[in-house]
Amino acid sequence: MTLQIQLNIYLITSWKVSKVEFSEIVSLFDPNIWDIGYLSSRQMDRAGNTPLKAKFHLHDGFDLTNHIHNTSLNGIVVIRYTDEASNYNLYDESFEILKVKFGDRIIPTYSNFKESALLSGTGHRAKNSLVYNRKFGFQSKICVFMFIDEIVNHENLKPSKDLLDLCTECNDCIKNCPVGAIQEDWIDARKCDNFLGFGNHPTISSLKWFWYEKMNPDIPKEVVESWDCFEKAGKFEWGQGVDGYYESDGIRLWKDRKEIGIPHCRECVCQPKCSKAPIYNQ
């Protein structure tokens, strides 16, 4: 039985819904590396029905995306500080923190995480299309949990609709994007993604060159250089590398069973005006 079916059956057959203080949830998390925002059931619905650029469901959970007949509950958006763009440990970390206190009363939820953060009022959208968190700026990752119980005495932040104020009269990310993927009013996601995976920049690494360096495959460098998009690329076979054993699920990467970051372009988040996390820039 899927988690979605289980949740719908639970809601239909159970009438016992308790209350949980928002402050009780927040107190479980170290404020130096976590930020917590509230989402009403209506906001959960809205985020789940906001289109996604790509659907990467890294963990089991309740999928709210583009399912108009799903049941949404109130919940929280969880933001974790990290300066590693490919670090998704927050899913497991936050779940372990929450389940000690709330057990099966919490539901890991897959949604449009950016929209969830904006609706919770914990961040603003920037010109680079990313969400700039109120505490950690761009050095953060987002996930969502629904709560069976009603969350009370929560923050009443206004959903963010405006562009990040740091972006006013600033086009640094547009000017410095190596492939011109950032436009004034849209992002060429194909250009961005292809550069992250297959860029041939002299100083900015990409996934293919990280793989080539670590795996040392019997493939001419000229051939690898010609891979400039997913359609042309060969398959990245991981395994025993020059300095350890590598495994990947297609998104995350492990070295000797420890999850690691993958070097790639971060030009759009390292410009002087917006590169520092607010909480560490006071």
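The values are calculated or read from the model by the stated rules, or taken from the named source; none is laboratory data. On a predicted model such as this, the values are computed, not experimentally measured, just so you know. Positions of Cβ are generated from backbone atoms using ideal geometry, with glycine treated the same way; all protein chains shown enter the neighbour counts.
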*asked:* I'm told Ile107 meets every condition in (1) buried (at least 24 other Cβ atoms within 10 Å of the Cβ); (2) not in a helix (DSSP H, G or I) except one. Can you identify the failing condition by its number?
replied: (1)
*Give the number of residues within segment 77-87 that are buried (at least 20 other Cβ atoms within 10 Å of the Cβ) and of a type outside the set (Lys, Arg).*
4
_For Ser206: the one exception among (1) in contact (Cβ under 8 Å) with a residue 40 or more places away in the chain; (2) under 22 Å from Cys274 (Cβ atoms); (3) among the small types (Gly, Ala, Ser)_ = (2)
*In segment 239-282, the residues that are part of a loop (DSSP other than H, G, I, E, B), within 18 Å of the chain's Cα centre (by Cα) and not hydroxyl-bearing (Ser, Thr, Tyr)*: Asp249, Gly250, Ile251, Arg252, Gly261, Ile262, Pro263, His264, Cys265, Arg266, Cys270, Ala277
*Please state which one of Asp193, Asp104 is at pLDDT below 95 and assigned by TED's automatic domain parsing to the domain that holds Lys55.*
Asp104
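Against the condition closer than 30 Å to Ser205 by Cβ and either among the hydrophobic types (A, V, I, L, M, F, W, C) or assigned to a helix (DSSP H, G or I) (or both), how does Val179 come out, does it pass?
Numbers: closer than 30 Å to Ser205 by Cβ: yes; either among the hydrophobic types (A, V, I, L, M, F, W, C) or assigned to a helix (DSSP H, G or I) (or both): yes.
Here the answer is yes, as Val179 does meet what is asked.
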_Looking at the structure I just gave you, is Asn87 assigned to a loop (DSSP other than H, G, I, E, B) and more than 19 Å from Ile33 (Cβ to Cβ)?_
no
*Filter result for the condition that a residue is in contact (Cβ under 8 Å) with a residue 24 or more places away in the chain, assigned to a strand (DSSP E or B) and either touching a helix residue (DSSP H, G or I) at 6+ places or on another chain (Cβ under 8 Å) or hydrophobic (A, V, I, L, M, F, W, C) (or both), over Lys135, Lys141*: Lys141
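Report yes if some residue within segment 238-248 is within 17 Å of Ala85 (Cα to Cα) and surrounded by 13 or more Cβ atoms within 10 Å (Cβ to Cβ); otherwise report no.
Within segment 238-248, one or more residues are within 17 Å of Ala85 (Cα to Cα) and surrounded by 13 or more Cβ atoms within 10 Å (Cβ to Cβ).
Look at Pro278 and say whether it is loosely packed, with under 12 Cβ neighbours inside 10 Å and either of a type outside the set (Gly, Ala, Ser) or over 20 Å from Leu90 (Cα atoms) (or both). Don't jump to the end; show me each part of the working.
Details: loosely packed, with under 12 Cβ neighbours inside 10 Å: no; either of a type outside the set (Gly, Ala, Ser) or over 20 Å from Leu90 (Cα atoms) (or both): yes.
Taking the combined requirement at face value, the residue does not satisfy it.
Just wondering, is there one or more residues in segment 113-131 that are under 15 Å from Pro159 (Cβ atoms) and part of a loop (DSSP other than H, G, I, E, B)? I'd like the intermediate steps shown before the answer.
To start, the set of residues in segment 113-131 that are under 15 Å from Pro159 (Cβ atoms) comprises 113-125, 131.
Then drop every residue that is not part of a loop (DSSP other than H, G, I, E, B), which leaves 121-122.
Yes; the residues of segment 113-131 include at least one that is under 15 Å from Pro159 (Cβ atoms) and part of a loop (DSSP other than H, G, I, E, B).
Between Glu213, Glu225, Glu184, which is loosely packed, with under 14 Cβ neighbours inside 10 Å, part of a loop (DSSP other than H, G, I, E, B) and not hydrophobic (A, V, I, L, M, F, W, C)?
Details: Glu213 fails: part of a loop (DSSP other than H, G, I, E, B); Glu225 fails: part of a loop (DSSP other than H, G, I, E, B).
Of Glu213, Glu225, Glu184, the one residue that is loosely packed, with under 14 Cβ neighbours inside 10 Å, part of a loop (DSSP other than H, G, I, E, B) and not hydrophobic (A, V, I, L, M, F, W, C) is Glu184.
Give the residues of segment 79-121 that are small (Gly, Ala, Ser) and in contact (Cβ under 8 Å) with a residue 24 or more places away in the chain, sorted by residue number. Step through it out loud before you land on a result.
Within segment 79-121, the subset small (Gly, Ala, Ser) is 85-86, 94, 103, 111, 116-117, 120-121.
Ala85, Ser86, Ser94, Ser111, Ser116, Ala117, Ser120, Gly121, listed by residue number.
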*Taking only pairs six or more apart or across chains, which ones have beta-carbon atoms under 9 Å, a first residue in segment 224-246 that is over 12 Å from Phe210 (Cα atoms), and a second residue that is assigned to a loop (DSSP other than H, G, I, E, B) and among the acidic types (Asp, Glu)?*
Gly244/Asp256; Tyr245/Asp256
*Mind listing whichever residues of segment 27-56 are in a strand (DSSP E or B) and β-branched (Val, Ile, Thr)?*
Ile36
